[in-house]
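Before any comments, here is the structure.
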Amino acid sequence: MRQSPRRMLVRAGRMIAAAIAVTLGAALLAPAAASAAGGPAGEVFTLTNAQRTQAGLPALVSDAALDAAAAEWAQHLASTCTFEHSTSSWRSSRVAAFGWVSTGENIAAGQPDAAAVVSSWMNSSGHRVNILDARYTGLGVGYATGTCYRTYWVQIFAIGSPVKRLSGGAGDLTGDRAADILARTSTGDLLIYPGSGTGGFQGAVTAVAGWGDRPFTTLGDFSGDGIPDTARTEADGRLMLYAGNGRGGFLAPVQIGNGWTFSQLIGGIDFSGDAIPDVIGRTSGGDLFLYPGNGRSGWLAGGTKIGNGWQTMDTMFHAGDFNGDARGDLIARRVDGTLWIYPTTGRGSWGTPSQIGVGWASLTAVFGAGDFNGDGTQDIVARTSAGALLLYAGNGRGGFLASRTIGSGWNGMSQIG
């Protein structure tokens, strides 16, 4: 049974809000913790949970699939200059695969900031019912701007047990819930560029001075403490773990392997399907070997061959769940400049690859950036030969939104990831 949405129009501020309440018959399941979207959407998430805490209710968890659905609907409202709810079937089609079984929705338009929109919803009985519904366990928030009402806000509420998905890129190294960029300078320092959560970044933080000329490999949360880690292979073949400290730096390196003579390592990907980051090594001859992580800074097993013929790729990286199937994907650029996605099955094998781009040969760096713009989907960042940094935001379905420039002067970096 669905309650009729209640709409509010405040003429002076051109503010509109509407809510939809859904009767939930499913059993309450305990969700896993996740971090909220960044920017204004993240502020709405925090303020919403503050209202629940004040009412004595458990905090809602954030999930990238819920965030992506809410962001997609907010963008739809902004681009079409409309103001209407999505349907339950539309929401289900986007979040059911990620462990969410039922959803409700609040929408609003015109409020200038997060505090104003949450206050507007809390002053409306229909919206307040959703925010303070004890049956909900998850919340996704979307935010977009447009010409009709300037700002558009969407909350999607859900119950369920979300599927844990591993993000691409360096992850949140500074503890502010936004994806960051890791870079190695030509002089050998390792820098962190803290992400803004909305597709930009702040000034660099020196993570390791005197890192040297050894490439780094982003690992995701390899140690299992909730903080992203990185690694490097020494000239003598030792693999060293640099566990993140969550404050823009790394702990003292610890050896976690020897004899690692691979031409490239791809970390952070869950190839085996156990929701724990693994590492894939590529030999100079193009063979791929899987080293499954144990979630505690070690390994479940030694290397197992999982592919060959990959010498035709000049760039490979873990892109997180780029195609929206709740499993991690590897993206590779072939020497002809075409870009390909290689999905994993979650059962220790590859899905069917598909081409997702052409003309990428001129880019001097291409890497997974996690959810860099805070819309709930995984993104890619690339560097042009002129040193410009471009954001290729993912659409959550294996494709891209329009690219945009987010930086310049990056030719001084020997590696970006």
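The values are calculated or read from the model by the stated rules, or taken from the named source; none is laboratory data. Bear in mind that the values here come from a model prediction, so they are computed numbers and not experimental data. Because the Cβ atoms are built from the backbone with ideal geometry, glycine has one as well, and the counts that use them run over all protein chains shown. Side chains included, ligands, DNA and RNA excluded: accessible areas come from the protein's heavy atoms. Shrake-Rupley method; radii C 1.70, N 1.55, O 1.52, S 1.80 Å.
Below is a table of values for the structure above.
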{"read-out": "Residue within the stretch 340-355 that is in a strand (DSSP E or B), modelled with pLDDT of 95 or more, surrounded by fewer than 17 Cβ atoms within 10 Å (Cβ to Cβ) and over 22 Å from the mean Cα position of the chain (by Cα) present", "value": "no"}
{"read-out": "Test set (1) in a loop (DSSP other than H, G, I, E, B); (2) open to solvent by 10 Å² or more (accessible area, probe 1.4 Å); (3) in contact with a Leu (Cβ under 6 Å, 6 or more places away or on another chain) - residue 227 fails condition number", "value": "(3)"}
{"read-out": "Number of the exception - residue 115 against (1) out of contact with any helix residue (DSSP H, G or I) (no Cβ under 6 Å at 6 or more places or on another chain); (2) part of a loop (DSSP other than H, G, I, E, B)", "value": "(2)"}
{"read-out": "Any hit, the stretch 103-118, residues being free of Cβ contacts under 8 Å to residues at least 24 places away in the same chain and surrounded by fewer than 24 Cβ atoms within 10 Å (Cβ to Cβ)", "value": "no"}
{"read-out": "Criterion: touching a Pro at 6+ places or on another chain (Cβ under 7 Å) and open to solvent by 10 Å² or more (accessible area, probe 1.4 Å) - qualifying residue of 200, 126", "value": "126"}
{"read-out": "Filter result for residue 237 (touching a residue at least 60 places away in the same chain (Cβ under 8 Å) and open to solvent by less than 20 Å² (accessible area, probe 1.4 Å))", "value": "no"}
{"read-out": "Residue satisfying all of: in the stretch 142-157; hydrophobic (A, V, I, L, M, F, W, C) and at pLDDT below 95; surrounded by the most Cβ atoms within 10 Å (Cβ to Cβ) among these", "value": "144"}
{"read-out": "Options 88, 92; residue that is without any contact (Cβ under 8 Å) to a residue 12 or more places away in the chain, under 17 Å from residue 136 (Cβ atoms) and surrounded by fewer than 23 Cβ atoms within 10 Å (Cβ to Cβ)", "value": "92"}
{"read-out": "Filter result (at negative phi, open to solvent by less than 50 Å² (accessible area, probe 1.4 Å), of a type outside the set (S, T, N, Q) and in contact with a Gly (Cβ under 7 Å, 6 or more places away or on another chain)) within the stretch 356-376", "value": "356, 360, 367, 368, 369, 372"}
{"read-out": "Residue count for the stretch 56-77, restricted to those that are over 19 Å from residue 160 (Cα atoms), hydrophobic (A, V, I, L, M, F, W, C) and open to solvent by 10 Å² or more (accessible area, probe 1.4 Å)", "value": "2"}
{"read-out": "Those residues of the stretch 35-55 which are among the charged types (D, E, K, R) and buried (at least 20 other Cβ atoms within 10 Å of the Cβ), in sequence order", "value": "43"}
{"read-out": "Breaking point among (1) touching a residue at least 40 places away in the same chain (Cβ under 8 Å); (2) out of contact with any helix residue (DSSP H, G or I) (no Cβ under 6 Å at 6 or more places or on another chain); (3) of a type in the set (Gly, Ala, Ser), for residue 382", "value": "(1)"}
{"read-out": "Scope the stretch 251-284; condition open to solvent by 50 Å² or more (accessible area, probe 1.4 Å) and either in contact with a Leu (Cβ under 7 Å, 6 or more places away or on another chain) or at negative phi (or both); matching residues", "value": "251, 252, 253, 254, 255, 258, 261, 263, 274, 284"}
{"read-out": "Condition check for residue 56: out of contact with any Asp or Glu (no Cβ under 8 Å at 6 or more places or on another chain), at pLDDT below 95 and either over 27 Å from residue 196 (Cα atoms) or of a type outside the set (D, E, K, R) (or both)", "value": "no"}
{"read-out": "Identity of the residue in the stretch 294-339, farther than 23 Å from residue 215 by Cβ, among the charged types (D, E, K, R) and under 20 Å from the mean Cα position of the chain (by Cα), that ends up most open to solvent (accessible area, probe 1.4 Å)", "value": "327"}
{"read-out": "Which numbered condition residue 165 misses (of (1) modelled with pLDDT of 95 or more; (2) closer than 21 Å to residue 220 by Cα)", "value": "(1)"}
{"read-out": "Matching residues in the stretch 308-344 - criterion: being farther than 20 Å from residue 284 by Cβ, in contact (Cβ under 8 Å) with a residue 40 or more places away in the chain and among the polar types (S, T, N, Q)", "value": "323, 344"}
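One line per residue, one yes/no per condition, for (1) assigned to a loop (DSSP other than H, G, I, E, B); (2) open to solvent by less than 20 Å² (accessible area, probe 1.4 Å):
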| residue | (1), (2) |
| --- | --- |
| 135 | yes, no |
| 159 | no, yes |
| 173 | yes, yes |
| 184 | no, no |
